[in-house]
C-alpha cells in the first residue's frame, strides 16, 4: 500500500475477476506493526484483484485483544464489508480469532488466514515482559487461555506456520484449524514471500467458498 491511505484500496481494482472483486480481504498486522508493515502482502493481494482493507483504528496495534477486536468490527461495519476474509500476522491472528467470536462480525467475515500467530502463546513472553503489552502472549496468561477455550471457530481458521519462528518457538499449530507448514522461515520473512502470498490468496478463497457452501445447506 505504500503511502496510500488505508481506504484507497477498499474497492476492487479495474479488470479484477468477479471472484476476486467480490472477496474483500482485511489486513491485521502484529503488535507494534502499523498497517504499512504488511505493504508487500497488500500489494500482492491487490494485484490479484481483491479489495484490500487496512484497519486504521488499530494504529500501532498495542491495545488488548478485546479492544482491538472492537476496532476491527467497527471497521467492518463502517466499510460495509460482507463475506470477507481476515488476513493476519502474529498478534493480528489472535485479534482475528477474537473478531470471529464477536457477534458483530457475523456475515461480514468468512474466516481467517493467519501467518506466524502464537495461538498457544510464546515462551519468550515472561518476567518483566508480562507487565507490558507483550504479556498477552504468555502461554498461561488470561488472554491466551481464554482464546484457547474457544474451539468452535478454529475450523474457520487457516494457520500458516513458518519452518521456524524465532518469536514463536512453539510454532503456530491450532487444533481444529487447517494448519499449513511453510517452507519460508522466520517470523517476518514469510510476509515478503511470493509463494506465501499465493497461498494466502488460495486459502482465502477456500474459506469464502466453504462459508458460502455452509449457507446453502
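Quick look at the numbers
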{"read-out": "Filtered residues of segment 5-29 (kept if at pLDDT below 95 and crowded, with 16+ Cβ neighbours inside 10 Å)", "value": "6, 9, 10, 12, 16"}
{"read-out": "Residues satisfying the stated conditions in segment 48-67, i.e. free of Cβ contacts under 8 Å to residues at least 40 places away in the same chain, in a helix (DSSP H, G or I) and in contact with a helix residue (DSSP H, G or I) (Cβ under 9 Å, 6 or more places away or on another chain)", "value": "57, 58, 66"}
{"read-out": "Residue count, segment 68-80 (criterion: outside any helix (DSSP H, G or I) and within 15 Å of the chain's Cα centre (by Cα))", "value": "0"}
{"read-out": "Residues satisfying the stated conditions in segment 88-107, i.e. closer than 17 Å to residue 139 by Cβ and either out of contact with any helix residue (DSSP H, G or I) (no Cβ under 8 Å at 6 or more places or on another chain) or in a loop (DSSP other than H, G, I, E, B) (or both)", "value": "90, 93"}
{"read-out": "Qualifying position, being in a loop (DSSP other than H, G, I, E, B) and at pLDDT 95 or above, among 173, 153, 167", "value": "173"}
{"read-out": "Filter result for residue 124 (at pLDDT below 95, surrounded by 13 or more Cβ atoms within 10 Å (Cβ to Cβ) and at negative phi)", "value": "yes"}
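The values are calculated or read from the model by the stated rules, or taken from the named source; none is laboratory data. Computed from a prediction, not measured in an experiment: that's the story for all the values here. We place every Cβ from the backbone using ideal geometry, glycine too, and count neighbours over all the protein chains shown.
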